[in-house]
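Following: one structure in structure tokens, then a few remarks.
The values are calculated or read from the model by the stated rules, or taken from the named source; none is laboratory data. Worth saying up front: this structure is predicted, and the values here are computed from it rather than measured. In this analysis, Cβ positions are derived from the backbone assuming ideal geometry, glycine residues included, and neighbour counts consider all displayed protein chains.
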Amino acid sequence: MRIADKFTELKEKNEKALIAYVCAGDPSAEATKEIVHALVKGGADIVELGLPFSDPVADGPTIQAASTRALEAGMNPDVYFEMAASIKENVPLVCMTYYNLIYKRGNEKFARDCADAGITGIIVPDLPAEEAEELHVACKKNSVDLIFLITPVTTGKRMEKNLEKTSGFVYIVSRLGVTGERVDVAESTKNILARIDTEVPKAVGFGISNGQQALEVIKAGADAVIVGSAFVSIIASGEDVNRRVEKLASELKISCR
Amino acid sequence: MKKSMYGKFGGQFVPEVLMPALTELEEAYGRYKDDPEFLKELDYYMKEFAGRETPLYFARNLSKKYGIKIYLKREDLVHGGAHKLNNTLGQALLAKYMGKKRLIAETGAGQHGTATAMAAANMGFESEVYMGAKDVMRQHMNVYRMELMGSKVNAVESGSKTLKDAINEALRDWVTNVEHTHYLIGSVVGPHPYPMIVRDFQSVIGKEVKEQIMEKEGRYPDSIVACAGGGSNAMGIFYPFIEDNEVKLFPVEAGGKELKTTEKEALHSASLCVGEEGILQGAHTLILQDKYGQILESSSVSAGLDYSGVGPELAYLADIGRIKPCCVNDDEALEAFYELSRLEGIIPALESSHAVAYVMKMAKTGELGDLVVINLSGRGDKDLETVFKLKKEEAKEACQ
Ligand SMILES: Cc1ncc(COP(=O)(O)O)c(C=O)c1O
């Protein structure tokens with residue numbers, strides 16, 4: 001499913017989107033499939049499937065640890081695409097990974113493998129627009145959205161360029177730092193949303209972990225909230241994972257209605 | 001060619017949040033690098049604080065034994081015991097001109113961390129250093145030194161617990177504190193403009209060699225040999241000679257135990273010699289990786305060379321054939337460590353021992369010509385414990 005179609009569908013229902021991130025293969029490929037099912041059952045509208053990389057510089061300790069677990073359990077790009085292809089949920093799947101894994105497979109092949117596996121978006125946290133030309137072309141050709149980021153220090157021309165290049169949605173990093181749960185997200189989110197002028201849906205991530213925060217972010221004007229580390233923490237605990245993941249998703253989704 | 005590239009290598013593969021900081025750094029460097037006041041101040045620090053210029057020493061006994069003329073560029077005599085201070089003084093001064101208050105750095109052997117701590121203490125910066133937990137263990141004297149000078153040292157427990165992981169952690173710090181912090185990278189690695197800035201500040205080595213060798217020998221050397229981890233001491237001594245095609249340039253990488261890789265790790269750190277193209281820590285360069293692009297852990301007896309990547313400009317110069325990548329293994333480096341200590345009364349760093357070892361190995365082949373300059377990038381005091389431990393293990397094995 002394309003990301004734009006999901007946002008259109010939500011707009012008709014007057015809802016905002018919940019985007020959930022999990023690290024594929026943590027603790028196993030089989031488990032990830034079940035977790036994705038639980039997320040969607042709970043209310044997730046889009047699922048970001050992290051393809052783990054050995055050196056995730058944009059991630060905090062929670063997702064770093066998940067990446068390590070997944071790699072040790074044998075996750076790799078071949079297994080990843082196979083697993084993604086077998087997920088039959090009615091939501092867009094987005095691949096989040098680091099550029100060396102894409103470069104090594106080849107931009108064109110990576111984009112095609114995504115499309116073949118039913119993945120319709122790619123986020124690459126270490127690939128700024130300046131370096132993304134080849135992947136951009138490959139994504140266009142394969143009808144996959146390449147999603148760019150906006151941060152509190154992205155201004156002027158950079159902001160314009162990133163907004164022009166992004167498709168599907170724009171990923172707004174609400175504050176400086178790496179991924180991970182935070183206490184306060186409201187203020188910085190308000191500041192950054194006020195500066196962004198675009199037709200593309202605005203998804204806010206980095207630091208959101210509960211319904212209250214999600215509500216504040218949506219009140220500030222976001223079209224979607226992205227939640228990752230909070231789900232990954234539940235998965236890491238290994239306790240009653242599917243039920244708790246579903247419960248958190250439904251709690252967060254309430255804030256999106 | 002984009003200005004951030006060396007041929008197809010280089011670039012800026014970093015999180016969006018760092019792009020404005022890289023632009024700011026590039027602009028500031030462009031503004032100050034030829035500014036008379038900046039240069040005057042830098043010159044003062046280089047002379048009075050670092051102790052430049054360093055001698056180009058004719059290694060009489062080594063030359064005699066190996067049958068060619070060998071000179072040592074004595075970067076081991078720079079304050080702190082390695083070439084690293086050339087770069088940290090330059091970047092710290094730049095950070096001061098930029099109005100930054102805090103310096104962060106990664107370190108492998110602890111030499112760059114120490115040099116950062118020195119510059120920070122002297123110029124009044126708050127500073128924090130990231131160091132792999134494995135390196136904290138094998139180089140703990142340097143940890144004390146950094147702490148004495150007021151730096152906070154953070155042991156990094158992720159990944160291979162060495163230099164690569166320290167860089168990851170420093171990048172994460174920078175992403176969080178980018179507004180008032182300067183990331184003082186210690187080698188010619190990372191995103192543009194770092195490889196250029198570090199190369200320029202280290203080029204003082206090669207510039208001095210040019211004058212010194214003309215004075216002593218009336219000609220340029222036939223070859224220059226330098227060890228290469230990230231590649232800053234190598235680029236520093238090579239760069240002023242790049243246009244002088246008759247001078248052969250040899251970066252010597254750590255061959256570790258052997259030039260083999262297992263599923264998860266390389267038994268060496270020879271990314272120029274046997275690495276493949278990829279993206280690591282901000283740059284398109286030669287790296288050690290598996291078939292999927294996961295980064296392999298590297299290995300070497302010397303912490304400062306133990307890195308899975310190499311500076312993009314070195315990758316480019318190797319690609320066009322201007323430099324000739326080579327490597328020596330752990331045992332050869334150790335032998336050179338003993339040899340230089342005994343023959344010349346100079347204890348080299350294990351990193352620099354790799355360069356010495358290559359010259360010992362190749363002197364008789366004619367490959368190096370008969371006038372060679374070795375960049376003696378650092379002194380070996382920091383390595384005594386490592387060497388003694390290896391000696392003990394060897395003795396034990398011999399008994400069994
Ligand atoms: C003495 C010495 N030489 C060489 C190196 C390797 O760095 P580079 O390749 O950047 O010169 C180090 C790094 O710690 C070092 O301490």
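Please state which one of B:106, B:147 is within 14 Å of the ligand (Cβ to nearest atom) and at negative phi.
Every option except B:106 fails the conditions.
Any residue at all in the range B:276-298 that's more than 14 Å from chain A (Cβ to nearest Cβ) and in contact (Cβ under 8 Å) with a residue 12 or more places away in the chain?
For the range B:276-298, residues more than 14 Å from chain A (Cβ to nearest Cβ) and in contact (Cβ under 8 Å) with a residue 12 or more places away in the chain: absent.
From A:51, A:101, A:18, which residue is buried (at least 24 other Cβ atoms within 10 Å of the Cβ), farther than 19 Å from residue A:234 by Cβ and in contact with a Cys (Cβ under 8 Å, 6 or more places away or on another chain)? Give the steps one after another, and end with the answer.
Values: A:101 fails: in contact with a Cys (Cβ under 8 Å, 6 or more places away or on another chain); A:18 fails: farther than 19 Å from residue A:234 by Cβ.
Every option except A:51 fails the conditions.
Could you grab me the full set of residues in the range B:171-198 that are within 14 Å of chain A (Cβ to nearest Cβ) and among the hydroxyl-bearing types (Ser, Thr, Tyr)?
Matches in the range B:171-198: B:176, B:181, B:183.
Residues in the range B:199-210: is at least one farther than 28 Å from residue B:5 by Cβ and either outside the structural domain of residue B:170 (by the TED database) or in contact with an Asp or Glu (Cβ under 8 Å, 6 or more places away or on another chain) (or both)?
Yes, there is a match, as at least one residue in the range B:199-210 is farther than 28 Å from residue B:5 by Cβ and either outside the structural domain of residue B:170 (by the TED database) or in contact with an Asp or Glu (Cβ under 8 Å, 6 or more places away or on another chain) (or both).
I'm checking my understanding of the structure. Among residues of the range A:137-172 that are assigned to a strand (DSSP E or B) and facing another protein chain (nearest Cβ under 8 Å), which one is nearest to the chain's Cα centre (by Cα)?
In this case the residue turns out to be A:149.
So, in the range B:10-51, how many residues would count as being touching a residue at least 60 places away in the same chain (Cβ under 8 Å), assigned to a loop (DSSP other than H, G, I, E, B) and either in the same structural domain as residue B:313 (by the TED database) or aliphatic (A, V, I, L, M) (or both)?
Residues meeting the conditions: 1.
Determine whether the range A:192-205 contains at least one residue that is within 14 Å of another protein chain (Cβ to nearest Cβ), in contact with a helix residue (DSSP H, G or I) (Cβ under 6 Å, 6 or more places away or on another chain) and on the phi < 0 side of the Ramachandran plot.
Among the residues of the range A:192-205, not one is within 14 Å of another protein chain (Cβ to nearest Cβ), in contact with a helix residue (DSSP H, G or I) (Cβ under 6 Å, 6 or more places away or on another chain) and on the phi < 0 side of the Ramachandran plot, which makes the answer no.
Can you tell me which residue among B:3, B:64, B:73 is within 14 Å of chain A (Cβ to nearest Cβ), out of contact with any Asp or Glu (no Cβ under 7 Å at 6 or more places or on another chain) and either under 25 Å from residue B:222 (Cα atoms) or part of a loop (DSSP other than H, G, I, E, B) (or both)?
Numbers: B:64 fails: within 14 Å of chain A (Cβ to nearest Cβ); B:73 fails: within 14 Å of chain A (Cβ to nearest Cβ).
It is B:3.
For residue B:119, indicate whether it is more than 12 Å from the ligand (Cβ to nearest atom) and touching a helix residue (DSSP H, G or I) at 6+ places or on another chain (Cβ under 6 Å).
Answer is yes for this residue.
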